[in-house]
1. Restricting attention to segment 55-74, which residues are farther than 16 Å from Ile18 by Cα and modelled with pLDDT of 90 or more?
2. I'd like the residue in segment 50-67 that is closer than 18 Å to Ala12 by Cα and in a helix (DSSP H, G or I) and, out of all such residues, is nearest to the chain's Cα centre (by Cα).
3. Report every pair of residues separated by at least 6 positions or lying on different chains whose Cβ atoms are under 7 Å apart, first residue within segment 13-39 and free of Cβ contacts under 8 Å to residues at least 24 places away in the same chain and under 14 Å from Leu70 (Cβ atoms), second assigned to a helix (DSSP H, G or I) and aromatic (Phe, Trp, Tyr).
4. Of (1) in contact (Cβ under 8 Å) with a residue 24 or more places away in the chain; (2) part of a helix (DSSP H, G or I), Ile81 satisfies all except one. Which?
5. Mind telling me which of the residues Leu7, Leu70 ends up being out of contact with any Gly (no Cβ under 9 Å at 6 or more places or on another chain), assigned to a helix (DSSP H, G or I) and open to solvent by 90 Å² or more (accessible area, probe 1.4 Å)?
6. Looking only at segment 10-58, which residues are open to solvent by less than 40 Å² (accessible area, probe 1.4 Å) and at positive phi?
Amino acid sequence: VFGLSALFSKGAVGMGDIKLFSVLGILMGPFAVFNVIVYTVLLTAVYGIVMMLRKKKNKKSVVPAGPFALAGMMIAMFLGIGGWL
């Protein structure tokens, strides 16, 4: 999924994101990683909206996904979603 996103997003998804989510997919399981992706997108969106309201970032600003992916993984683990961890 992230490999295709990297091809079509013009550099918005980097190789670090692809590697991180592939490891999360191995650790959490193939189905639980989609929950992690949803939590990551939601957390990143909330962060972006708050930063735009505070005038710290604009629509063109880059937001790293790594910290939010790890937070999404912790939320999924707290909720009991996941395979091997």
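1. Keep residues of segment 55-74 that are farther than 16 Å from Ile18 by Cα, which gives 55-62, 71, 74.
Ala71, Met74 - these are the residues of segment 55-74 that are farther than 16 Å from Ile18 by Cα and modelled with pLDDT of 90 or more.
2. Let us first name the residues in segment 50-67 that are closer than 18 Å to Ala12 by Cα, namely 57-67.
Filter once more, so that each one left must be in a helix (DSSP H, G or I): 66-67.
On the way: Gly66: 6, Pro67: 8 Å.
Here the residue is Gly66.
3. That search, which allows pairs on different chains as well, returns Val33/Phe21.
4. So the condition that Ile81 fails would be (2).
5. Values: Leu70 fails: open to solvent by 90 Å² or more (accessible area, probe 1.4 Å).
Residue meeting the stated conditions: Leu7.
6. Passing the criteria: only Gly29.
The values are calculated or read from the model by the stated rules, or taken from the named source; none is laboratory data. What you are looking at is a predicted structure, and each value in this text was computed from that prediction instead of being measured. No Cβ is skipped: glycine too gets one built from the backbone with ideal geometry, and neighbour counts run over all protein chains shown. The protein model used for the area step is the full one, side chains on, heavy atoms only, and it has no ligands, DNA or RNA in it. Shrake-Rupley method; radii C 1.70, N 1.55, O 1.52, S 1.80 Å.
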